[in-house]
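Scroll down for the structure; my scribbles are underneath it.
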Amino acid sequence: MEKAYILIIIITIEYLFGLKFTECVTINKLKTFQRLRSNEHRTRRSLKGIRDFSWVERVPGKNIGDAILNPLSKELRVIGIFLAAHKYFEVDRRYTFTSSQFENPKFYKHFPTPRLRKRHQVVVGACELGYLPCVEEIFKTANHSGSLAKIHKNFGKNAIRYASYYPFKDSLELFRYRVTASYYMCWFTEMREDVLALPGTNNCFKDLNETEEAGGKNIEDFRSEVKISEEYSIFTCAYLWFCPDSCYGKSSGGNVKSKEEALDDHLNPCGELQKKDCFWGIGKNKNFEDLVRNKFNYSCDCEFEKKGMVWSPMYSFCVDRDECYEEDYDCPTDQICRNTVGSYMCSCRTGYYLDKNTTRCKRHDLLNAAAASALERKKTEKAVEAKKEEGGSLYVLKLLVEIIRGHCPLHTVTKPLLILCFSSIFLLVL
């Protein structure tokens with residue numbers, strides 16, 4: 001009877017207010033996400049210019065409480081383990097048709113290369129609608145996958161009968177699904193979508209060793225074990241689950257046991273510099289297609305080596321920063337910016353010089369003389385054209401007389417007229 005009364009009350013509310021109960025739940029979730037977003041914007045403004053180890057962005061502890069209220073935190077952890085198993089232990093199923101035991105995993109370093117051209121349409125259809133439908137779709141699949149069969153209680157004793165690629169037809173389809181899901185989830189993380197904010201009270205990789213792909217192996221990353229403190233990024237787990245690490249753990253299979261070991265990784269792109277810290281370009285990887293193509297923006301501290309130098313991910317070394325191209329200069333309006341190694345200089349345009357008395361750019365005298373000569377020649381040409389119009393058919397004879405007398409310089413006569421004049425002389429001689 002009690003259930004019947006509750007059902008009647010829900011139906012009455014839906015009828016009176018025109019609102020479904022499930023819609024109420026969704027609206028409450030969105031309100032929580034809006035509060036998370038406002039806090040994150042406040043945090044980024046207060047921490048402008050501050051960088052911590054690798055991607056981990058410093059976030060005051062007072063905002064961690066909002067992350068705890070994330071209504072999808074449990075779902076997100078299931079998705080995280082499901083995709084982390086692919087990131088750290090899976091191989092490229094497009095080329096591995098039999099056994100994967102002889103191929104080393106590599107997706108913790110980069111997304112599959114070449115990129116996945118045929119993306120899984122179920123994921124694309126959901127994720128193109130937004131991060132909430134995307135999370136819902138991936139969670140539904142992950143929660144019933146054979147990969148997580150040992151973790152979920154709903155499989156119970158029968159978990160062993162499910163293949164690792166369940167509910168897909170084969171491991172290739174599972175590969176396509178998880179690669180496509182990783183593309184979108186990494187992109188949503190970089191877009192700072194609030195649903196991906198999580199507290200760090202537990203290890204991000206808890207139960208990862210229970211997945212089918214792990215086979216009892218675990219990933220040790222000190223960044224995944226941070227606790228709630230004054231300095232903590234609520235997006236750390238999301239980055240570790242979904243995005244490749246362009247900086248650390250490349251030679252240790254994704255294991256980053258300490259900051260010292262990470263910096264000493266011989267594949268650390270900043271390892272040859274005096275300051276070896278590597279930074280994921282937070283907020284600079286928002287182009288979805290660039291992410292898919294592994295065109296990541298990460299940086300090393302080149303300013304520590306030499307002022308005015310910046311890191312180039314394309315060439316993997318420090319290059320001169322072009323302040324002129326970036327329009328980061330302060331030059332007078334009559335001067336232009338010229339880039340120099342490590343800095344820039346302001347100078348006058350070609351044909352001008354800096355007057356020391358007025359500190360203004362003036363045109364060179366030589367340029368003035370050339371301009372005057374060009375103007376005089378233009379006037380002469382106009383006069384010749386005027387005579388041509390006045391003389392009509394007698395213009396050629398008059399011009400011939402003028403040339404013979406030496407009153408009309410040859411350089412003021414165009415080639416067609418010279419040919420005509422000399423043709424006339426030749427005909428008269430004959």
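The values are calculated or read from the model by the stated rules, or taken from the named source; none is laboratory data. Keep in mind it's a predicted model, so treat the numbers as computed, not measured. Every residue, glycine among them, receives a Cβ derived from its backbone with ideal geometry; neighbour counts consider all protein chains shown. For accessibility, only protein heavy atoms count, side chains too; no ligands or nucleic acids. Shrake-Rupley method; radii C 1.70, N 1.55, O 1.52, S 1.80 Å.
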Give Thr236, Thr180 a once-over and let me know the one that is among the β-branched types (Val, Ile, Thr), open to solvent by less than 50 Å² (accessible area, probe 1.4 Å), within 27 Å of Gly130 (Cβ to Cβ) and at pLDDT below 90.
Thr236
Contact list please: Cβ distance under 7 Å, first residue in the stretch 216-239 and acidic (Asp, Glu) and in a helix (DSSP H, G or I), second residue open to solvent by less than 70 Å² (accessible area, probe 1.4 Å) and modelled with pLDDT of 70 or more, pairs at least six apart or on different chains.
Glu225/Asn203
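Quick one: in the stretch 243-276, of everything that is in contact with a Leu (Cβ under 7 Å, 6 or more places away or on another chain) and not small (Gly, Ala, Ser), which residue is surrounded by the fewest Cβ atoms within 10 Å (Cβ to Cβ)?
So the first thing to find is which residues in the stretch 243-276 are in contact with a Leu (Cβ under 7 Å, 6 or more places away or on another chain), and the list is 250-251, 276.
Add one more test, that the residue is not small (Gly, Ala, Ser), and what stays is 250, 276.
Working: Lys250: 21, Lys276: 19.
Applying the filter and picking the extreme gives Lys276.
Determine which member of the set Glu385, Glu323, Glu402 is part of a loop (DSSP other than H, G, I, E, B) and either modelled with pLDDT of 80 or more or over 30 Å from Trp280 (Cα atoms) (or both). Full working, then the answer.
On the way: Glu385 fails: part of a loop (DSSP other than H, G, I, E, B); Glu402 fails: part of a loop (DSSP other than H, G, I, E, B).
Only one candidate qualifies: Glu323.
Out of contact with any His (no Cβ under 6 Å at 6 or more places or on another chain), within 30 Å of Lys118 (Cα to Cα) and open to solvent by less than 70 Å² (accessible area, probe 1.4 Å): is that true of Pro313 in this structure? Steps first, answer last, please.
Numbers: out of contact with any His (no Cβ under 6 Å at 6 or more places or on another chain): yes; within 30 Å of Lys118 (Cα to Cα): yes; open to solvent by less than 70 Å² (accessible area, probe 1.4 Å): yes.
The answer is yes for Pro313.
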In the stretch 200-217, how many residues are open to solvent by less than 60 Å² (accessible area, probe 1.4 Å), in contact with a Lys or Arg (Cβ under 9 Å, 6 or more places away or on another chain) and within 17 Å of Ala238 (Cβ to Cβ)?
3
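Is it the case that Lys284 is open to solvent by 80 Å² or more (accessible area, probe 1.4 Å) and closer than 24 Å to Glu103 by Cα? Write out each step before concluding.
On the way: open to solvent by 80 Å² or more (accessible area, probe 1.4 Å): yes; closer than 24 Å to Glu103 by Cα: no.
Considered against the rule, which asks whether it is open to solvent by 80 Å² or more (accessible area, probe 1.4 Å) and closer than 24 Å to Glu103 by Cα, Lys284 comes out as no.
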